[in-house]
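In what follows, a structure is listed as structure tokens, so that the remarks can point back to it.
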Amino acid sequence: MTGQLFGDDADSALTVGAAASRLGVTVRTLHHWDAIGLVCPSGRSDGGYRQYADADLGRIGRVLVYRDVGLSLDEIGVLLEAPALHVDETLRGQRAELRQRIADLEALGESLDRIIDARKSGVLLPADEQVSIFGRHWQPSWGTEAHERWGDSAQWAQHAERSAGRTAEDWQKIADGVETLNDDLASACRSGVEPGSDEANSLAERHRASIGVYFDCTLSMHVCLGRMYVADPGFSEFFDQVETGLAAWIHAVIDANALANGVVPESATWV
């Protein structure tokens with residue numbers, strides 16, 4: 001009932017400002033809810049100001065709960081006047097949706113945790129499992145060293161995001177593909193396949209695609225990696241363990257393929 005408050009109700013009634021402060025809403029919100037008929041104050045002061053009784057505050061509290069669980073103001077208005085059975089059914093439905101949202105957020109949190117961990121180590125597998133998958137020459141510390149070297153790059157961030165979602169089976173497939181590629185590269189190097197030939201260019205693209213598993217690798221970036229294979233003793237040693245002279249041969253193959261695709265190796269940059 002809207003009208004003048006009398007007696008004890010008048011003594012305990014709150015102004016719109018006091019009601020807003022007590023319930024943590026704005027005066028503007030209460031004005032709006034009054035205008036649309038959602039929560040109308042039970043009375044007015046002699047000066048015409050809104051006055052909210054305890055029952056009004058209770059109604060506002062229900063509105064806030066219903067709003068927080070995702071109901072629209074129109075839905076809330078219907079619910080406030082609905083029979084108890086309808087209210088129970090609606091709230092049970094909202095509770096189910098809320099639980100699903102919580103589950104989704106928890107899953108998202110776990111994904112973020114994995115990305116954070118992957119940004120530190122690169123591969124989210126125990127050290128012994130990494131060696132089992134990537135081979136006895138693999139050093140689990142390489143992930144941490146790579147983070148220290150390239151952790152601020154966009155490519156490392158992309159690698160971490162992809163790594164976070166990979167299982168041991170995914171890594172095994174990647175490792176198997178790299179092993180096959182290295183065997184084919186070694187065979188071609190041993191057979192004297194000329195850089196710039198169709199076969200060499202095809203191998204160069206396969207190699208670039210293998211890098212693309214970790215981050216998007218442009219032709220220019222590929223050239224920069226080729227330079228590193230011969231300039232960095234760690235990379236040179238790794239490739240030359242596969243096949244003597246392989247690091248220099250891959251470098252030449254990458255450069256020739258890039259040139260065939262319009263990228264001048266001498267001016268290539270990390271873009």
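The values are calculated or read from the model by the stated rules, or taken from the named source; none is laboratory data. From a predicted model like this one, the values you see are computed outputs, not experimental measurements. No Cβ is skipped: glycine too gets one built from the backbone with ideal geometry, and neighbour counts run over all protein chains shown. Each accessible area value is taken on the protein alone, full model and side chains, heavy atoms only, with ligands, DNA and RNA left out. Shrake-Rupley method; radii C 1.70, N 1.55, O 1.52, S 1.80 Å.
List of remarks:
- Summed over segment 59-76, the residues that are open to solvent by 30 Å² or more (accessible area, probe 1.4 Å) and outside any loop (DSSP other than H, G, I, E, B) give a count of 8.
- Against the test of being among the aliphatic types (A, V, I, L, M), open to solvent by 90 Å² or more (accessible area, probe 1.4 Å) and in a helix (DSSP H, G or I), the options L79, L85 yield a single qualifying residue, L85.
- Inside segment 179-215, residues that are without any contact (Cβ under 8 Å) to a residue 40 or more places away in the chain, among the β-branched types (V, I, T), touching a helix residue (DSSP H, G or I) at 6+ places or on another chain (Cβ under 9 Å) and open to solvent by 40 Å² or more (accessible area, probe 1.4 Å) make up a count of 0.
- Top-ranked residue in segment 216-267 [being closer than 14 Å to C189 by Cβ and assigned to a loop (DSSP other than H, G, I, E, B); ranked as most open to solvent (accessible area, probe 1.4 Å)]: T244
- Out of G122, G143, G135, sole residue that is in contact with a Lys or Arg (Cβ under 9 Å, 6 or more places away or on another chain) and either more than 18 Å from D216 (Cα to Cα) or of a type outside the set (K, R) (or both): G143
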